[in-house]
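Comments concern the structure below.
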Amino acid sequence: MSPYKSFNIAGLGASVAVIPNPRLRMKFAAQRAGIVRAVDVLALCAANAAWRGGQAWLSQQLDYLRGNRDRLAERLQEMPGLTLAGPEATYLAWIDASGLDVDNPHAFFEQAGGGLSAGADFGDDRFVRLSFGCPRTVLDTALDRMAHACRHLRRV
């Protein structure tokens, strides 16, 4: 477990493993030796503060992300050829672009000014991935660019 993504402290290295079985815990410790660094005092303090006192902030963040997710879903319904595969416990949207008449959806949206991740990097080049873990204005700009590109494609 870690507070990395929830509390945006990934660079601190504050993950923990709870392993009740002593033999399995020893195997785990042996395997991580030299690969996974020990938790330092800064990481420990940050994780402790996040887990003990960050619930109100986390709740607000989750509400904001739900709003972004809902806005993304609504806007994609207005873009023929795109389908949202429902995000599960993440702020990364998996968008099926197989309904567009383009060979490379990532390159198509990149050319339109969209900074999406290529689906090929995750196993399916018909998809693109969009992070909606961002300010709403940034999300709106990305969606506007995607919508413009899709409208232009339909006119050509």
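The values are calculated or read from the model by the stated rules, or taken from the named source; none is laboratory data. Fair warning: this is a prediction, and the values are worked out from it, not measured in the lab. FYI the Cβ positions are ideal-geometry reconstructions off the backbone, even for glycines, and counts take in every protein chain you see.
A few remarks follow.
- Complete set of residues in region 98-125 that are part of a helix (DSSP H, G or I) and either not aliphatic (A, V, I, L, M) or not assigned by TED's automatic domain parsing to the domain that holds Gly67 (or both): Pro105, His106, Phe108, Phe109, Glu110, Gln111, Gly119, Asp121, Phe122
So that you can scan it fast, the table gives a plain yes or no per residue for (1) within 30 Å of Leu143 (Cα to Cα); (2) not assigned by TED's automatic domain parsing to the domain that holds Asp96:
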position	(1), (2)
Asn8	yes, yes
Ala14	no, yes
Ala17	no, yes
Ala38	no, yes
Asp63	yes, no
Gly67	yes, no
Asp70	yes, no
Glu78	yes, no
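- From the list Val128, Val138, the lone residue that is touching a Gly at 6+ places or on another chain (Cβ under 8 Å), within 28 Å of Asp63 (Cβ to Cβ) and not in a loop (DSSP other than H, G, I, E, B) is Val128.
- Just so you know, in region 46-97 the residues that are part of a strand (DSSP E or B) and small (Gly, Ala, Ser) include one that is surrounded by the most Cβ atoms within 10 Å (Cβ to Cβ), and it is Ala93.
- Matching entry among Ala38, Ala47, Ala10, Ala43 (being over 30 Å from Gly99 (Cα atoms) and touching a Pro at 6+ places or on another chain (Cβ under 7 Å)): Ala47
- Screening His148 on (1) farther than 24 Å from Asn8 by Cα; (2) in contact with a strand residue (DSSP E or B) (Cβ under 7 Å, 6 or more places away or on another chain); (3) in a helix (DSSP H, G or I) shows it passes everything except condition (2).
- The lone exception for Ile9 - which of (1) in contact (Cβ under 8 Å) with a residue 40 or more places away in the chain; (2) touching a Phe, Trp or Tyr at 6+ places or on another chain (Cβ under 9 Å) it fails: (2)
- For beta carbons closer than 9 Å, sequence separation of 6+ or different chains, a first residue in region 61-84 that is within 21 Å of Phe109 (Cα to Cα) and a second that is among the aromatic types (Phe, Trp, Tyr) and buried (at least 18 other Cβ atoms within 10 Å of the Cβ), the qualifying pairs are Asn68/Tyr91; Asn68/Phe132; Arg69/Tyr91; Arg69/Phe132; Arg71/Phe132; Leu72/Phe132; Leu84/Trp94.
- From Leu100, Leu139, Leu143, residue being surrounded by 14 or more Cβ atoms within 10 Å (Cβ to Cβ), over 22 Å from Phe7 (Cβ atoms), at pLDDT 95 or above and not hydroxyl-bearing (Ser, Thr, Tyr): Leu143
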